[in-house]
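What follows is a short report on a single structure.
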Amino acid sequence: MADDILRNIDALVAEEHRLRNRSPGEGLDPEDRARLQAVERQLDQCWDLLRRRKASAEAGQDPERLAARPVSEVESYEQ
């Protein structure tokens, strides 16, 4: 399952890069800006889930029982 999360992260990072490179110097239109924010939130969720599943596996628990947390919960984390 970690492979699925990593593939999702890779796809989201690629989309994030495409969006950020779309209009250099001009900025993004409102639709692209909204999509970029959604991608960033999804990335936060994916990274959080990946870290939690790794910790769960290391503790001898079933990592598959964990699901992504709501954006409101993972967005407030400091990195």
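Which of the listed residues, Ala57, Ile9, Asn21, is farthest toward the dipole's positive end in the chain, when Lys, Arg count +1 and Asp, Glu count -1 at the beta-carbon? The residue sitting most towards the positive pole is Ala57. Taking Cα atoms only, the orientation of helix 2-22 departs from the longest principal axis of the chain by about 10 degrees. Solvent-accessible area of the chain (1.4 angstrom probe, protein heavy atoms only): carbon and sulfur portion equals 48 percent.
So how do 28-35, 51-58 stack up, highest first, on mean other-Cβ count within 10 Å? Numbers along the way, then the final one.
Details: 28-35: 11.9, 51-58: 13.9.
Averaged packing, sorted descending, gives the order 51-58, 28-35.
For the chain, the 222 nm mean residue ellipticity estimated from helices alone, with every DSSP H stretch of n ≥ 4 adding -39500 (n - 2.57) and the total spread over all residues, rounds to -23000 deg cm²/dmol.
Can you work out the accessible area per residue across the chain, with the rest of the protein chains kept in place, probe 1.4 Å, in square angstrom?
Details: 5580 Å² over 79 residues.
Value for the chain: 71 Å² per residue.
Residue separation times 0.36 nm, minus the C-alpha to C-alpha distance between Glu58 and Glu40: what's the value?
Values: separation 18, 0.36 × 18 = 6.48 nm, distance 2.72 nm.
Difference between extended and current length: 3.8 nm.
What the Cα convex hull of the chain gives, in volume per residue, is 102 Å³. The angle separating the long axis of helix 30-58 from the principal Cα axis of greatest extent in the chain is about 20 degrees. Between beta-carbons, use under 14 Å as the cut-off and find the net charge around His17, counting Lys and Arg +1, Asp and Glu -1. Here the charged neighbours net out to -1.
The values are calculated or read from the model by the stated rules, or taken from the named source; none is laboratory data. As the structure is a prediction and not an experimental result, all values here were calculated from the model. Methodologically, a virtual Cβ is constructed for each residue, glycine included, from the backbone with ideal geometry; neighbour enumeration extends over all protein chains shown. The accessibility values were calculated without ligands, DNA or RNA, using every heavy atom of the protein model including side chains. Shrake-Rupley method; radii C 1.70, N 1.55, O 1.52, S 1.80 Å.
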